[in-house]
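I have placed the structure first, in the form of structure tokens, so that the comments after it can refer back to it.
What follows draws every value from the coordinates through simple rules; no lab data is involved. A quick note: this is a predicted structure, and the numbers were derived from the prediction, not measured. Positions of Cβ are generated from backbone atoms using ideal geometry, with glycine treated the same way; all protein chains shown enter the neighbour counts.
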Amino acid sequence: MVGIITRSSNLNSFSSICYCFIALGIHAYSSYKAVKRYNEADSKAWPGGRGTPSEVPLMLGSTVVSLLMLPFFCITCFIKVGNYANDGVKLGRDHALGYSVVTSEEVATTNEAVRRLWRHFCPLSQTVHLIAAFLLLLPETLLTSVEVKFGYRSTG
């Protein structure tokens with residue numbers, strides 16, 4: 001058990017750490033633009049007498065959730081978490097370096113199945129980054145469509 005804890009607490013590759021810093025910079029700028037866009041949309045006088053459309057608070061809420069996902073993104077970028085795709089393990093090359101690859105075809109327990117799923121799942125840091133970026137992109141699109149609907153923005 002000590003070997004697993006020691007191995008999982010190592011730092012990830014240099015390219016993964018650089019990817020983290022670059023993605024954090026771009027994400028910080030995109031979040032700043034999203035909050036600025038929310039302030040502009042919230043200050044508009046929306047027609048219809050119902051106040052602001054639901055897409056305006058959705059913009060702020062999804063930006064906050066996106067920012068709350070960034071610590072998980074940083075953790076999965078910096079620390080090896082036991083996921084082969086995230087940790088940069090190549091199954092043929094790194095077998096000699098101490099990564100054990102179970103090759104039996106039957107799964108003995110559900111715990112073993114969960115462990116195999118965790119090991120062979122898609123890369124966690126990139127998946128968290130993709131979800132966080134999607135949370136910034138989707139409300140922007142919805143807010144633009146509402147602005148076109150009410151005539152604040154042209155379709156061209």
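Amide H contacts for residue 79 (H built 1.01 Å from N in the peptide plane; partners 5 or more residues away or on another chain; cut-off under 5 Å): 12.
Label sites at residue 111 and residue 145, each approximated as a point 7 angstrom past Cα along Cα to Cβ, lie 4.7 nm apart.
With K and R counted +1 and D and E -1, the other residues having a Cβ less than 12 Å from that of residue 37 yield a net charge of -1.
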